[in-house]
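*Asks:* Supplied in structure tokens, the structure appears directly below.
The values are calculated or read from the model by the stated rules, or taken from the named source; none is laboratory data. Values in this document were obtained by computation on a predicted structure and should not be read as measured data. Methodologically, a virtual Cβ is constructed for each residue, glycine included, from the backbone with ideal geometry; neighbour enumeration extends over all protein chains shown.
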Amino acid sequence: MKVSPAVRVRVTSDQKLRALVDRRRKILWIAVFLWTAVIYLTIPVARRVQTFIGEHWGRQQFQYVVYMGITLGLGGMLLVAVRSSWGRLRPRHAWIAVVGLVYYRLASGLRLSPEEAIHFLEYGVLGVLLVLAFGRTHPNRAAYAAALLAGTVLGTFDEILQWLAPRRFWDLRDIAMNAVGVALGVAALGLGLRPDGLRAAVRLPTWRLLCRLGWAAVVGLLFCLVSTPDLIARYAQWTGLKFLLHSESMLAEYGCRIVDPEIGIFYSRFAPERLRAMDRERGRETGRALRECRVLGSSSRFRKAVSAAVDPFLHEAGLHLIRRNYYLSVLPEHRADSADAAFHARVAWSENRILEKYFPETLRYSGRALPEIQLRELEHLASGWRDFESIVSNHLITFFSRRQVVLVGGAILAFLLAADMVLGRVARKSAGRGA
């Protein structure tokens, strides 16, 4: 049977089109891989780069880089959107500007830690790349959700790698910033550009993909939220990675937000009654440990020497003592300004009051109690500043417990697993009927 020239040309054209689509698909996934690799490979050197830039040009340079990146990225997206609309601005293009304003607002809110704004830029780009890549493999509306879930997985793994890296810190808020960065990148593309290839109805394979990506995202977050210092100590024992015990930051720590009418607000891994009981039981031991400790001049060195995984009670007592001593030492530099002097005196007095009230035996045996005349002077200076909230252990999770995390996370995982199994069964039945 002979094939007509017209049919032969059409078959050749279809083959070329499929080859072009495959090539673009590979290029997009390579771009996702390379951009993710860039983010991960900067982890070991990021702290040195931040220190160098901060010392030579100032930490605010990070915000300017983020502002420039957001402007160039969203400006380029707006240009593509206008060109795809035959040179006309459409009402939907305003969403790109809205997303840009949200980016600027979030970045400007990090003035005390401007380098953290880099998260929004890194993961905003990743969100756009993921949408484009999923749009080639799953060309329907769910590509946006798939990109958001995949970005959350990658952002969570990024923070776990930071926890394992020397001189880097893990923070649940950084995972949230990564996810927000991805979400804003996805929103800019989906609301402002609205690619034609991503308007189809969601098909069964894509629903299964969403279930699996959701499962991976929940597993990553669960690992972070259940890995408390006691479990990290077990990880170190099982794996031989003893350095985990001396990390400056733990993955997840739960505790109490204690409101004391005489002092203010502070945070602890133990309830007030438990703190006092432990001080009665261990005060002599911990006090002597603090008296002999040689790293009380640096909170960073102390966290490594006595981490929460090693001894949470001594860890808290030491950090309150270090903060008290620091504000005492810098107080003379601020006496010219009555408001500054009141603030520094208030912090020193309040941290000392926490030690006196909840760690009395530890303070006594440490030999670091303040003389009465100095305490009266501190209290007098501190009277000009009323509010106090200690930053010691203020990263503790106090809104929910680890048990609640396990129950809710387990229920979500079970639901996603069951949904994937049901969808798989439906897919097999559909394939059987088609055969």
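*Asks:* Has the range 103-110 got at least one residue that is loosely packed, with under 13 Cβ neighbours inside 10 Å and among the basic types (Lys, Arg)? Walk me through it before giving the result.
*Replies:* Pass one, the range 103-110, residues loosely packed, with under 13 Cβ neighbours inside 10 Å: 105, 109.
If we keep only those that are among the basic types (Lys, Arg) as well, we get 105.
Yes: the range 103-110 contains one or more residues that are loosely packed, with under 13 Cβ neighbours inside 10 Å and among the basic types (Lys, Arg).
*Asks:* Mind counting the residues in the range 224-242 that are under 21 Å from the mean Cα position of the chain (by Cα) and over 25 Å from SER298 (Cα atoms)?
*Replies:* Qualifying residue count for the region: 5.
*Asks:* Considering the range 227-249 alone, what residues qualify as being aliphatic (A, V, I, L, M), closer than 18 Å to GLN162 by Cβ and touching a Leu at 6+ places or on another chain (Cβ under 9 Å)?
*Replies:* Selection gives ILE232, ALA236, LEU241, LEU244.
*Asks:* Kindly list the number of the only condition in (1) surrounded by fewer than 21 Cβ atoms within 10 Å (Cβ to Cβ); (2) under 30 Å from HIS395 (Cα atoms) that fails for ASN140.
*Replies:* (2)
*Asks:* Whether any residue in the range 177-190 is buried (at least 16 other Cβ atoms within 10 Å of the Cβ), more than 30 Å from HIS320 (Cβ to Cβ), of a type in the set (S, T, N, Q) and more than 22 Å from the chain's Cα centre (by Cα) is what I want to check. Walk me through it before giving the result.
*Replies:* In the first step, residues of the range 177-190 are kept if they are buried (at least 16 other Cβ atoms within 10 Å of the Cβ); the result is 177-190.
Of the ones still in play, those that are also more than 30 Å from HIS320 (Cβ to Cβ) are 178-190.
Filter once more, so that each one left must be of a type in the set (S, T, N, Q): 178.
Still in the list and also more than 22 Å from the chain's Cα centre (by Cα): none.
Looking through the range 177-190, none of the residues is buried (at least 16 other Cβ atoms within 10 Å of the Cβ), more than 30 Å from HIS320 (Cβ to Cβ), of a type in the set (S, T, N, Q) and more than 22 Å from the chain's Cα centre (by Cα).
*Asks:* Can you find even one residue in the range 370-381 that is surrounded by 13 or more Cβ atoms within 10 Å (Cβ to Cβ) and assigned to a loop (DSSP other than H, G, I, E, B)?
*Replies:* yes
*Asks:* Could you figure out which of (1) farther than 16 Å from LEU314 by Cα; (2) surrounded by 13 or more Cβ atoms within 10 Å (Cβ to Cβ) isn't true of GLU351?
*Replies:* (1)
*Asks:* Considering only the range 205-238, how many residues are more than 21 Å from VAL306 (Cα to Cα) and of a type in the set (Phe, Trp, Tyr)?
*Replies:* Number of matching residues: 3.
*Asks:* Considering LEU245, LEU198, which residue is within 24 Å of the chain's Cα centre (by Cα) and not assigned by TED's automatic domain parsing to the domain that holds HIS315?
*Replies:* LEU245
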